[in-house]
1. So what does Leu32 come to for accessible area, using a 1.4 Å probe and Å² rounded to 10?
2. What is the distance, in nm, between label points placed 7 Å from the Cα along the Cα-to-Cβ direction at Gln72 and at Asn252?
3. Could you order peptides 15-21, 70-76 by the average number of other Cβ atoms within 10 Å of their residues, highest first?
4. For the stretch 149-254, what class follows from the C-alpha gyration tensor (a ≥ b ≥ c being the square roots of its eigenvalues): rounded when a/c is under 1.5, otherwise prolate if a/b is larger than b/c, else oblate?
5. By how many nm would the segment from Thr101 to Thr8 lengthen if fully extended, with 0.36 nm per residue of separation less the alpha-carbon distance?
6. Based on the mean of other beta carbon atoms within 10 Å per residue, what is the order of 84-94, 225-235, 140-150, most packed first?
7. Working out 0.36 nm times the residue gap between Arg160 and Thr232, then minus their Cα-Cα distance, what length gain in nm do you get to one decimal?
Amino acid sequence: MQSSTRPTPPLAMNRVSTLTHGMPPGFVQPALENGRLSSAFHREGPDGRYHRPADRNGGGALGVYTRAQGKQQDAWQAQGYGVGSNPNNVQMVLDPNLLQTRPGWRASSIDNMGKVPGASQSDLLELKDGNPLERTTELWSKQTEPRRNQAFNTSVSGRRPQKQNEQVHWEHIPLDGNLRGMVTTSPQSFNQMMQLPGAWRSGLPLPQASHGIQGLGYVPVGNGRVPVVQTTPTASQANALKLSGITDTDGNVR
């Protein structure tokens, strides 16, 4: 939806390095087998046990969250920020070009507490009772394209990470062609990834160890493979992505 009085700024794709989605390591294999990251509602249904009460506000239950990392934001910690951040989680690293190539609705905000961006608390109160899908689907058209793009552009600008930025993708994100790597920040999580079907550890020495890289392996995804890198929780995620070959020296996904 586009405002007739406010010009639509283009997405600042030249500023963004990656999108990340943090999840427990036990959820990775089902996601790879299904070929996608799915919304909580898709997995749990209307009577599911959601991660937080705010998920029932519509954004959390119906969407898949990612965080947009700017190319200059090298202070972004490897264990992630916001929902999905945890030293024991796996950070799924996604190609930001999916923002332009994947069909389907997307919303953007800076920490919207589970609400669909553009929707107010009064919008939620006016909705009929029922499950999150029936109650809030209509709210996904509330955010205009100019506001959506501006929120994204703000998230990836400058060196200081916008830690709570939320890119909310409708229902699911396909992994084949979009998943470019994984970052783990505990030996246990890395070992779990190396036990996935077809996974293998790099047999090459790791001269990067002095920079915080502690392990490197690969996991098949679709017709290709993606690197899995282990580093420390508070290390620079941008540095880990570059040293493992997930991004180039300028922060672009390879």
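The values are calculated or read from the model by the stated rules, or taken from the named source; none is laboratory data. Quick caveat: nothing in here was measured; it's all calculated off a predicted structure. Note: ideal-geometry Cβ built from the backbone for every residue, glycine included; neighbour counts use all protein chains shown. Heavy atoms of the whole protein, side chains included, go into the accessibility calculation; ligands, DNA and RNA do not. Shrake-Rupley method; radii C 1.70, N 1.55, O 1.52, S 1.80 Å.
1. Looks like 40 Å² after rounding.
2. 1.9
3. Order by mean packing, descending: 15-21, 70-76.
4. Details: a/c = 1.96, a/b = 1.33, b/c = 1.47.
Oblate shape, in that a/c is at least 1.5 and b/c is the bigger or equal ratio.
5. 31.7 nm
6. For the peptides 84-94, 225-235, 140-150, the packing ranking is 84-94, 225-235, 140-150.
7. On the way: separation 72, 0.36 × 72 = 25.92 nm, distance 2.01 nm.
Working it through step by step, the gained length comes to 23.9 nm.
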